[in-house]
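Worksheet: the structure to be examined is printed underneath.
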Ligand SMILES: Cc1cc2nc3c(=O)[nH]c(=O)nc-3n(C[C@H](O)[C@H](O)[C@H](O)COP(=O)(O)O)c2cc1C
C-alpha cells in the first residue's frame with residue numbers, strides 16, 4: 001500500500017515522522033538552553049522544603065542481574081506506610097540525571113560517574129502514606145535531596161478521582177514524571193517532541209529499576225486526566241506537564 005500521496009505522507013503521524021526525521025539546525029542561542037532549564041528554576045532554595053535522609057547506596061544495591069530479574073510491573077500495595085528512608089532511596093535512584101554535581105556527592109559516590117547530560121524531566125512525588133512526611137504533592141530536588149511542596153491537599157482526594165484505574169490509587173507513593181515540551185522544542189526544534197517521548201521511556205525504566213533494586217512493588221501508568229492534574233499542580237501543560245506516573249509501595253504479601 002502506498003503511504004504517500006503526491007509525495008505527501010497520507011497520515012498526520014507519517015507527516016510528523018517525516019518532518020522530524022532530520023534534525024532542524026537550532027539557532028546558536030537556543031542550543032545553549034539546557035533541556036532542564038525550567039526544572040533548574042524549580043530547584044531554587046525553598047524555605048519550606050522537607051529534607052530527606054541522606055542516601056548512600058554503595059553497599060546496598062543488588063547486582064544488575066538481580067535487578068533485571070526482579071523488574072516487573074506490580075499493581076498491589078500493602079497498607080503499610082512507606083518509610084522515609086525508602087522514599088529517599090527510591091527518589092535518589094529514580095531521579096533523572098542531574099546537569100552537574102560534584103563527583104563525591106551522595107548517593108552515587110563510588111557507584112557510577114555522574115552523567116553530564118540532563119534529561120529535562122523532573123519527579124513530582126505525590127506522597128499519600130509515607131512515615132513522617134505530610135501528604136501532598138512535592139517537587140523532588142535530587143541535588144538537595146529534599147522535597148519542595150507544591151500542594152498540601154491529600155493526593156488521594158484530588159488525584160484519586162482523576163485516575164481511570166483505581167488499582168493505582170492506594171499506593172503510598174505516586175511519582176509523577178514531569179517534562180517541558182517548550183524546552184525540548186526550543187533545544188531540538190521539531191525533533192524535540194520525539195526526544196521528550198524517548199526521555200519519558202528511559203525515565204519509566206529508571207523508575208522500574210529503582211523499585212526493583214529496593215524490592216518495592218511498582219507500576220507505570222498514564223491513565224489520569226493530565227490537564228486537571230496540571231491545573232492542580234500549577235503546570236501549564238507546555239512549560240511543564242505531568243506525563244506519566246509510577247505507583248510504588250511495599251508488596252502486600254510481605255506486609256500482612
Ligand atoms: C509509559 C507507560 C504508560 C503506561 N500506562 C499504563 C496505563 O495507563 N494503564 C495500564 O494498565 N498500564 C499502563 N502501562 C503498562 C504497565 O504499567 C506495564 O508496563 C505492563 O503491565 C507490562 O508490564 P512489564 O513492564 O512488567 O512487562 C504503561 C506502561 C508504560 C511504559
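Condition first: under 19 Å from residue 169 (Cβ atoms) and outside any helix (DSSP H, G or I). Can you find one or more residues in region 199-217 that meet it? Within region 199-217, one or more residues are under 19 Å from residue 169 (Cβ atoms) and outside any helix (DSSP H, G or I). Just so you know, in region 230-253 the residues that are away from the ligand (no atom under 16 Å from the Cβ) and under 25 Å from residue 215 (Cα atoms) include one that is nearest to the chain's Cα centre (by Cα), and it is 250. For residue 89, the test of being more than 16 Å from residue 205 (Cβ to Cβ), within 16 Å of the ligand (Cβ to nearest atom) and surrounded by 13 or more Cβ atoms within 10 Å (Cβ to Cβ) is failed.
Rundown of residues vs (1) surrounded by fewer than 18 Cβ atoms within 10 Å (Cβ to Cβ); (2) away from the ligand (no atom under 16 Å from the Cβ), yes/no style:
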site: 145; (1), (2): no, yes
site: 151; (1), (2): yes, yes
site: 155; (1), (2): no, yes
site: 162; (1), (2): yes, no
site: 167; (1), (2): yes, no
site: 179; (1), (2): no, no
site: 184; (1), (2): no, yes
site: 188; (1), (2): no, yes
site: 199; (1), (2): no, no
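Looking across 113, 62, 107, one residue alone is away from the ligand (no atom under 16 Å from the Cβ), over 20 Å from residue 147 (Cβ atoms), in a loop (DSSP other than H, G, I, E, B) and at pLDDT below 70. It is 113. Residue 171 meets the stated requirement of being within 15 Å of the ligand (Cβ to nearest atom), in contact (Cβ under 8 Å) with a residue 24 or more places away in the chain, assigned to a loop (DSSP other than H, G, I, E, B) and closer than 18 Å to residue 128 by Cβ. Being out of contact with any helix residue (DSSP H, G or I) (no Cβ under 8 Å at 6 or more places or on another chain) and touching a residue at least 12 places away in the same chain (Cβ under 8 Å) is true for just one of 204, 210. Which residue is that? Checking each option against the conditions leaves just 204.
The values are calculated or read from the model by the stated rules, or taken from the named source; none is laboratory data. All values derive from a computational prediction rather than experimental measurement. Glycine also receives a Cβ, built like all others from the backbone with ideal geometry; neighbour counts cover every protein chain displayed.
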